[in-house]
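The values are calculated or read from the model by the stated rules, or taken from the named source; none is laboratory data. Given the structure is predicted, the values throughout are model-derived calculations rather than measurements. Here the Cβ positions follow ideal geometry from the backbone for every residue, glycine too, while neighbour counts run over all protein chains shown. Keep in mind that these areas ignore ligands, DNA and RNA; they rest on the heavy atoms of the full protein, side chains included. Shrake-Rupley method; radii C 1.70, N 1.55, O 1.52, S 1.80 Å.
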Amino acid sequence: MLRLAIEGQGHTVIEARDQPDAVRTMQQSRPSLVLTDLRLPEGDGFGVLRAAKELDPQLPVIVMTAYGSIQDAVAAMKEGALDFLAKPVDPDHLLLMVERALAQRRLLTEYILLKEELATRRGAPLIIGEAPSLKNVISALQRAAGTDATVLLEGESGTGKELFARALHALSERSDGPFVAINCAAIPDNLLETELFGHEKGAFTGAVARKPGKFELAHRGTLFLDEIGDLPIGLQAKILRALEERRFERVGGTSSLQVDVRIVAATNKGLRMAVAAKQFREDLYFRLSVFPITIPPLRERKDDIPILARHFVERFCRDLNKKVATLAPGAIEELQRYGWPGNVRELQNCMERSVILADTDTIHARHLNLALHAPLQPVEAPNPWTSFDFSGSLADVGRRAQLEAERRKITQTLQETAGNKMRAAETLGVSYKAFLMKMRECGIE
Ligand SMILES: Nc1ncnc2c1ncn2[C@@H]1O[C@H](COP(=O)(O)OP(=O)(O)OP(=O)(O)O)[C@@H](O)[C@H]1O
Ligand SMILES: [Mg+2]
């Protein structure tokens, strides 16, 4: 009857007559769940339970006991049984218990796998490069790792800010604690506060349960505030207080929480400029830049380009199960001549594309597809004043000069970013919208 009920749920059932038969069967077929009577013709359910636990301590065992023998049930639970069923067994109760036991086991397996994956990731990430400027950054990072000081990582997009933040955490005494990242630019302003500080149940419509924020989650670990330059001015005061006092309130909460976190912030725009433009609080800037580290752009460490390129080629070939390709000298030359506005990330993407495109085990310049992008050498600009229109009032000339300067600057930036308007706007320190309007005003396509 039990067999029929369980098979009816789509499971496979293997029967055993007594303890020796059960032990043999468990060893051979590795079941996901064991259901055993306590009384058996030979041996007993306790013997089966012990054999099961020896085979796999996580193997769930459910015992069936005679009606009223509660002592037996307690003894079995003490020996590690997951649960017990009193006879006569109610099939619905049995099925519920089986499903629950199997679900729990699946969760446990997933949990163990995740934990293992986490442990392998916890090792310090590999930072590739030999350039003296990069070596300086690495040694600064090692020095900072020994302290709890707030670190500000500055660098263009794709230079490795997140990579360095993770490395800093891995090298620090907090490496056993969590590394929690939040991207201030990617989260809408109205959600950022609850993301950072959490909220209480009922703090606003939709807050059906208490939710911890990133500050709490990072307790005893590192909190990585990515793109800190995009933090709305209203939130900057709250962050400042959280940094100064290591204390904050959840949204909708009254009691303040104390946390122990090390802060690492990153930005790809000049924060000092944002301070000057009154877009970023000066006091917060000083608080964040206790230990500033600037990661140099790839074009300023050209010798690292081939090293990184080979590293990425090796990795992508391995991922794609290809024989590791070599880079032709012509390809390396072209890589070094290119400006890499997207830095290491762009190089990484370029190498991935090349590995896919190359049909032989050599990557040639044509596989890189770089010629399509920005011109390799900037064109020599003619003296702007020789052809400048000086007619009209002083104000007219001033306006015209400003527009011309802006036009040149925008054109040049667009060349550097290979036509990427978003990145050009970032580089120029204006919003995307303002940038598009400026382009139109200057008559740039
Ligand atoms: N020195 C390096 N060695 C190996 N990999 C690197 C190095 N620098 C960057 N990378 C890789 O390049 C990619 C981009 O790095 P990361 O995401 O850390 O940059 P970022 O500065 O945070 O960029 P963004 O400003 O666009 O967020 C990642 O895949 C990273 O692993
Ligand atoms: Mg980043």
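Here are the numbers for this structure:
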item: In order through the stretch 237-249: 3J(HN,Hα) via Karplus (6.51 cos²θ - 1.76 cosθ + 1.60), integer Hz, x for Gly, Pro; result: 5, 5, 5, 4, 5, 4, 6, 6, 9, 6, 8, 7, 10
item: Tilt relative to the chain, helix 432-441 - C-alpha long axis, 0 to 90 degrees, to 10; result: 30 degrees
item: Ellipticity estimate at 222 nm from DSSP helix runs (n ≥ 4, -39,500 (n - 2.57)) divided over the chain, nearest 500; result: -15000 deg cm²/dmol
item: Gyration tensor (alpha-carbon) shape descriptor, the stretch 299-368, a/c threshold 1.5; result: prolate
item: When the convex hull of its Cα atoms is projected in every direction, mean area for the chain (nm²); result: 33.3 nm²
item: In nm, spacing of pseudo-spin labels at N183 and K409 (7 Å Cα→C-beta vector); result: 2.8 nm
item: J(HN,Hα) series, the stretch 25-38, from Karplus relation 6.51 cos²θ - 1.76 cosθ + 1.60, nearest Hz, glycine and proline x; result: 5, 4, 5, 6, 10, 6, x, 8, 7, 10, 10, 9, 6, 7
item: Hz values of 3J(HN,Hα) by residue in the stretch 4-10 - Karplus curve (6.51, -1.76, 1.60), Gly and Pro given as x; result: 4, 4, 6, 5, x, 8, x
item: Anisotropy class of the stretch 233-284 from Cα gyration tensor, a/c 1.5 cut; result: prolate
item: Carbon/sulfur fraction of accessible area - the stretch 299-368, other protein chains in place, 1.4 Å, %; result: 49 percent
item: Extension gain from R366 to R337, taking 0.36 nm per residue of separation minus the Cα-Cα distance; result: 9.0 nm
item: With every protein chain in place, the stretch 394-441: carbon and sulfur % of accessible area (1.4 Å); result: 57 percent
item: For the stretch 1-88: Kirkwood Rh in Å [reciprocal of mean 1/r, alpha carbons]; result: 13.1 Å
item: Linear extension gain, Q58 paired with A209, 0.36 nm per residue minus alpha-carbon span; result: 51.2 nm
item: Principal-axis tilt of helix 161-171 within the chain, Cα atoms, nearest 10 degrees; result: 50 degrees
item: For the stretch 132-296: accessible area per residue (Å², 1.4 Å); result: 46 Å²
item: Peptides 423-431, 69-77 ordered by average Cβ neighbours within 10 Å, highest first; result: 423-431, 69-77
item: Global form of the stretch 194-332, assessed from the alpha-carbon gyration tensor, a/c cut-off 1.5; result: prolate
item: Accessible surface of the stretch 1-63, 1.4 Å probe, proportion on carbon and sulfur as whole %; result: 47 percent
